[in-house]
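> Here it is: the structure, laid out below.
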Amino acid sequence: MPTLTLRAAFAAALLALPGSSVLEAATLGGRLVSPAGEALPQVVVHLRGDAVAARSVTDATGHYRFADLPAGRYALHVDVPGFRLEGAPAATLATDEDARLDLTLQPAPVRESVVVAATRGEAAPSTLGVSVDALDREAIAARAPSDVLHLLQEIPGVAVARTGGLGTQASAFVRGGESRYARVLVDGVPVNQPGGAYDFGMVLPLELERLEVVRGAASALYGTDAIAGVIALQTRRARPGEAPDWRAGAEAGSFDTRRLEAGASIAGEGTDWNLGALRVESDNDVPNGGFEETGAAASLGTRLGAATELRVVLRAMTSRAGTPGQTAYGRPDLDAFIERDEWLAAATLTHRAGGFLHTVRVGHHDGHQLSKNPLDSGFFEPRLGNRVGFGYPDSASADGFLNDNRRLSAGYQVERALGGRHLLTFGADLERETGDVGRENAADFVRPERTNFGAYVQDRVVLGESVFLTLGGRVERNDSYGTEAVPRAALAWRARGGDDATTLRASWGKGIKEPTFLESFGASVFAAGNPDLLAERSTTFDVGVEQRLAGGRARLGATAFRHDYRDQIGYVIASFVPFRGTYENVGAARAQGLELSLAAAPSADLSISAHYTFLDSEVVTSTSDFDPVYAAGEPLLRRPRHSGAITLTATPGRLAAGVTLALVGERADSDFAGLGLTRNPGHARLDARARWSFGRGISAFVAGENLTDRRYEEVLGYPALGRALRFGVRVAADRP
């Protein structure tokens with residue numbers, strides 16, 4: 001039976017079925033996939049013939065099916081904004097057999113990526129009502145980022161902040177939520193610290209296949225921590241049909257930066273694997289600001305039968321970074337540092353039988369952070385101009401502060417297409433969290449543990465030909481906050497199809513987040529844990545429109561949103577004599593605004609992407625009585641009111657070049673040093689890169705960050721790097 005690749009937006013395949021009294025009825029089926037071989041579920045496939053017109057909706061694995069077809073000629077049509085069918089071939093069917101026709105969609109001039117995090121399964125963005133953006137392997141490579149934080153800054157609704165240069169502590173804020181309000185997944189494994197915190201400073205673009213950001217509460221699928229959204233990273237895998245290859249690169253640049261990386265991949269019959277490793281070093285231009293990291297990643301997929309596949313992913317990194325402190329206010333700490341080690345293992349088994357798609361996931365994440373300050377550097381008094389902050393002694397410690405956390409996660413999910421319109425998903429997750437937190441020889445050192453169990457259901461429904469409804473909910477039992485139920489609903493309406501499609505979207509959901517280990521289990525009399533804390537909660541809503549123009553060469557998007565956060569956990573003083581502190585659910589905040597986006601491909605070798613986010617945020621009820629930056633009515637800390645970015649990429653001939661201008665407006669901040677600073681000025685950063693291919697897999701590149709050498713601080717007291725240039729070579733080869 002033929003497998004064909006198609007190319008036309010409105011006529012995919014002509015099937016000549018000669019009339020015969022032997023074949024009274026036939027069946028036509030196949031699979032709809034992206035160029036990377038990803039399934040495209042919940043897509044309406046149209047079939048038309050002289051006397052027959054029918055529709056079929058693809059199932060969880062992208063399969064469609066038409067039954068009871070009389071002899072005749074038929075045409076297939078698929079309309080998926082952001083993708084195009086290629087070719088219009090014909091096939092002749094014998095009268096005594098059924099037919100299979102697999103359809104491979106190609107990206108439109110403004111490319112689209114299949115997403116996973118929004119529904120815990122593969123999906124075309126045009127069938128979703130939720131706000132989701134993705135950067136695929138090609139887009140990531142074109143940007144030549146020094147770290148993942150630079151990629152996140154190109155996503156609407158995401159603000160980032162870090163304490164200096166490469167490898168320093170960094171946070172991401174989704175739609176005004178706290179830095180611990182997004183569930184962070186790596187190959188489906190949650191990697192947040194218990195309570196949601198995650199340090200993006202150490203995350204480098206090692207063998208990345210895709211970065212996805214879902215905006216809006218997603219606890220209906222993921223439970224705790226997905227209170228404002230989800231950030232998901234996926235390890236590179238060898239794609240079906242790709243030639244085996246190996247690749248290596250070396251670069252050097254400003255601030256004594258050096259980077260080495262290598263990788264290899266093979267996609268064979270029933271098995272694929274990908275391996276990669278890197279080594280990065282930089283001194284970050286300040287005393288005791290050095291950073292070094294070594295990382296490795298591996299992905300292996302294998303078929304265990306015609307309907308069963310196993311995928312295993314391993315990732316590991318180890319890093320060390322000096323922590324000189326707020327060098328903008330005085331002397332650096334010359335001996336303090338932080339060591340971070342992280343590894344994860346993930347195994348996913350999928351099995352398709354009887355119309356059901358079964359998925360079993362098992363993952364383990366281990367994060368180790370040790371902060372040390374071996375020497376006492378004496379009394380320190382922060383100063384800025386004529387401002388003098390409160391002084392304090394250097395806190396030397398032989399043991400250091402340990403923050404180890406481990407999470408074992410397991411889950412089962414089953415998907416089933418029903419009635420030709422519904423795609424039902426049922427699933428359950430179990431997470432076991434353990435940790436070691438504090439100074440090991442101190443009385444307040446704790447070894448907490450917590451178990452979470454959740455069950456969820458989701459129904460994706462196609463109404464008519466152009467309305468896509470997603471309904472879902474979850475019940476979660478958490479050892480800290482008890483049992484909670486959270487719903488989510490989303491709607492996408494394709495008001496007009498074709499290359500100039502118009503899609504309207506709306507989504508609503510509720511989110512929950514567990515306390516941190518110290519908030520629940522802390523043993524210090526100054527900050528005692530509170531076992532009766534409630535979950536922090538959110539209610540989120542957004543509505544938007546996406547318009548494609550110029551025959552698919554441009555895409556405009558606008559989304560208005562509102563996020564309300566309540567029961568936020570804050571530190572409170574229980575008594576002054578003796579002094580005791582603890583944590584309570586005392587805070588509330590809201591964030592609302594507008595996200596605008598543009599993507600265009602005026603020609604085959606030129607593309608433009610841009611976004612702008614307006615954020616109106618406010619502390620509704622304060623979580624702190626000590627710092628005015630947290631007072632009711634104040635904007636939320638380190639979340640700019642205005643932000644955006646624009647990227648231009650050109651690929652004429654052997655040259656590939658790009659430029660990104662990132663704009664960050666003024667935001668609320670605090671020096672936390674008694675200097676009285678409560679606002680951080682805005683800044684603009686200009687980055688550029690260029691790569692020249694010499695042929696035979698050899699290329700040279702140059703990349704520059706902050707080319708205008710602007711002086712700014714993403715976090716008050718921590719100067720960002722000035723102008724930084726990197727130069728390097730790449731070697732890649734396809735194996736015969």
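The values are calculated or read from the model by the stated rules, or taken from the named source; none is laboratory data. Every value quoted in this text rests on a predicted model; they were computed, and no experiment measured them. Cβ coordinates were reconstructed from backbone atoms using ideal geometry, including for glycine residues, and neighbour counts include every protein chain displayed.
> Please go through the range 492-509 and pick out each residue that is outside any loop (DSSP other than H, G, I, E, B) and touching a residue at least 12 places away in the same chain (Cβ under 8 Å).
A492, W493, R494, A495, T502, T503, L504, R505, A506, S507, W508, G509
> Go through the range 547-581 residue by residue and tally those that are under 30 Å from A604 (Cβ atoms) and among the hydrophobic types (A, V, I, L, M, F, W, C).
Residues flagged as under 30 Å from A604 (Cβ atoms) and among the hydrophobic types (A, V, I, L, M, F, W, C) within the range 547-581 amount to 5.
> Count, please, the residues in the range 693-729 that happen to be surrounded by 18 or more Cβ atoms within 10 Å (Cβ to Cβ) and among the charged types (D, E, K, R).
Looking only at that region, the number is 4.
Matching residues to (1) in contact with a Gly (Cβ under 8 Å, 6 or more places away or on another chain); (2) surrounded by fewer than 16 Cβ atoms within 10 Å (Cβ to Cβ); (3) part of a strand (DSSP E or B):
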{"site": "R474", "(1), (2), (3)": "yes, no, yes"}
{"site": "S480", "(1), (2), (3)": "no, no, no"}
{"site": "A490", "(1), (2), (3)": "yes, no, yes"}
{"site": "T540", "(1), (2), (3)": "yes, no, yes"}
{"site": "E546", "(1), (2), (3)": "yes, no, yes"}
{"site": "L556", "(1), (2), (3)": "no, yes, yes"}
{"site": "T559", "(1), (2), (3)": "yes, no, yes"}
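> Filtering the range 41-59 down to residues that are modelled with pLDDT of 85 or more and among the aliphatic types (A, V, I, L, M), which residue is surrounded by the fewest Cβ atoms within 10 Å (Cβ to Cβ)?
Top of the filtered list is A54.
> Oh, and also: Scanning for something under 30 Å from A54 (Cα atoms) and of a type in the set (G, A, S), does the range 443-466 turn up at least one residue?
Within the range 443-466, one or more residues are under 30 Å from A54 (Cα atoms) and of a type in the set (G, A, S).
> May I pose another question? Pull up the range 561-577, narrow it to residues that are under 22 Å from the mean Cα position of the chain (by Cα) and of a type in the set (F, W, Y), then point me to the one that is surrounded by the fewest Cβ atoms within 10 Å (Cβ to Cβ).
F561
> May I pose another question? Do we find a residue being assigned to a strand (DSSP E or B) and under 30 Å from E381 (Cα atoms) anywhere in the range 701-710?
Checking the range 701-710: not a single residue is assigned to a strand (DSSP E or B) and under 30 Å from E381 (Cα atoms).
> Run down A673, A662 and say which single residue is touching a helix residue (DSSP H, G or I) at 6+ places or on another chain (Cβ under 9 Å), aliphatic (A, V, I, L, M) and modelled with pLDDT under 95.
Among A673, A662, only A673 is touching a helix residue (DSSP H, G or I) at 6+ places or on another chain (Cβ under 9 Å), aliphatic (A, V, I, L, M) and modelled with pLDDT under 95.
> So, one more: Check A267, A307 and return the single one that is in contact (Cβ under 8 Å) with a residue 40 or more places away in the chain, outside the structural domain of G167 (by TED's automatic domain parsing) and over 24 Å from the mean Cα position of the chain (by Cα).
A307
> Would you confirm, using the coordinates I've provided, whether A528 is crowded, with 22+ Cβ neighbours inside 10 Å, touching a strand residue (DSSP E or B) at 6+ places or on another chain (Cβ under 9 Å) and farther than 30 Å from P602 by Cβ?
So A528 does not fit the description; no.
> Quick check: is even one residue across the range 254-273 touching a Ser or Thr at 6+ places or on another chain (Cβ under 6 Å), small (G, A, S) and at negative phi?
Within the range 254-273, none of the residues are touching a Ser or Thr at 6+ places or on another chain (Cβ under 6 Å), small (G, A, S) and at negative phi.
> Name the pairs whose Cβ atoms lie under 6 Å apart, with the first residue in the range 43-72 and farther than 17 Å from G354 by Cα, the second of a type in the set (D, E) and at pLDDT 80 or above, and 6 or more positions between them or separate chains?
V44/E465
> Also: Search the range 222-264 for residues being charged (D, E, K, R) and surrounded by fewer than 17 Cβ atoms within 10 Å (Cβ to Cβ), and hand back the single one that is farthest from V132 (Cα to Cα). Show your work before the answer.
At the first step, the residues of the range 222-264 found to be charged (D, E, K, R) are 225, 236-237, 239, 242, 245, 247, 251, 256, 258-259, 261.
Next cut, surrounded by fewer than 17 Cβ atoms within 10 Å (Cβ to Cβ) only: 242, 247, 256, 258.
Numbers: E242: 27, R247: 31, D256: 37, R258: 34 Å.
Looking at the filtered set, the residue picked out is D256.
> From the list W273, W246, exactly one residue is farther than 30 Å from L725 by Cα and outside the structural domain of D147 (by TED's automatic domain parsing). Which is it?
Selected residue: W273, the only one of W273, W246 that is farther than 30 Å from L725 by Cα and outside the structural domain of D147 (by TED's automatic domain parsing).
> Next question. If I ask for residues that are in a strand (DSSP E or B), surrounded by fewer than 20 Cβ atoms within 10 Å (Cβ to Cβ) and out of contact with any Asp or Glu (no Cβ under 6 Å at 6 or more places or on another chain), which ones from the range 265-300 would you list?
Result: I266, T271, W273, L275, A277, R279, T294, A296, A298, L300.
> Out of the residues in the range 377-401 that are within 38 Å of the chain's Cα centre (by Cα) and free of Cβ contacts under 8 Å to residues at least 40 places away in the same chain, state the one that is surrounded by the fewest Cβ atoms within 10 Å (Cβ to Cβ).
So, considering only residues that are within 38 Å of the chain's Cα centre (by Cα) and free of Cβ contacts under 8 Å to residues at least 40 places away in the same chain, the one surrounded by the fewest Cβ atoms within 10 Å (Cβ to Cβ) is A398.
> Against the definition (within 30 Å of A428 (Cα to Cα) and crowded, with 18+ Cβ neighbours inside 10 Å), how does R303 come out, yes or no?
No; evaluated as a whole, the condition is false for this residue.
> Could I ask something else about it? Out of the residues in the range 658-692 meeting the condition of being more than 30 Å from G385 (Cα to Cα) and charged (D, E, K, R), tell me which one is surrounded by the most Cβ atoms within 10 Å (Cβ to Cβ).
So the residue we want is D687.
> Of the conditions (1) modelled with pLDDT under 95; (2) crowded, with 20+ Cβ neighbours inside 10 Å; (3) within 30 Å of G472 (Cα to Cα), E212 fails just one. Which one is it?
(1)
Residue-by-condition table, conditions (1) hydroxyl-bearing (S, T, Y); (2) under 30 Å from A600 (Cα atoms); (3) free of Cβ contacts under 8 Å to residues at least 40 places away in the same chain; (4) outside any strand (DSSP E or B):
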position	(1), (2), (3), (4)
A645	no, yes, no, no
L648	no, yes, no, no
P652	no, yes, no, yes
A657	no, yes, yes, no
L663	no, yes, yes, no
S670	yes, no, no, yes
G674	no, no, no, yes
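> For a quick check of your reading: which strands (runs of 3 or more DSSP E) sit entirely within the range 151-209 and have at least 1 residues that are of a type in the set (F, W, Y) and in contact with a Ser or Thr (Cβ under 8 Å, 6 or more places away or on another chain)?
Filter on the range 151-209 gives 170-174.
> Right, here's the next one. Take G464 and decide whether it is at positive phi and among the small types (G, A, S).
For G464, the condition - at positive phi and among the small types (G, A, S) - is met.
> Scan the range 700-736 residue by residue and report those that are among the β-branched types (V, I, T) and in contact (Cβ under 8 Å) with a residue 60 or more places away in the chain.
If the condition is that a residue be among the β-branched types (V, I, T) and in contact (Cβ under 8 Å) with a residue 60 or more places away in the chain, then V715, V729, V731 are the ones that fit.
> For the range 502-520, what are the residues that are surrounded by 22 or more Cβ atoms within 10 Å (Cβ to Cβ) and more than 25 Å from the chain's Cα centre (by Cα)?
Passing the criteria: L518, E519, S520.
> Tally the residues that are part of a strand (DSSP E or B) and over 30 Å from G722 (Cβ atoms), restricting the search to the range 301-322.
Within the range 301-322, residues that are part of a strand (DSSP E or B) and over 30 Å from G722 (Cβ atoms) number 14.
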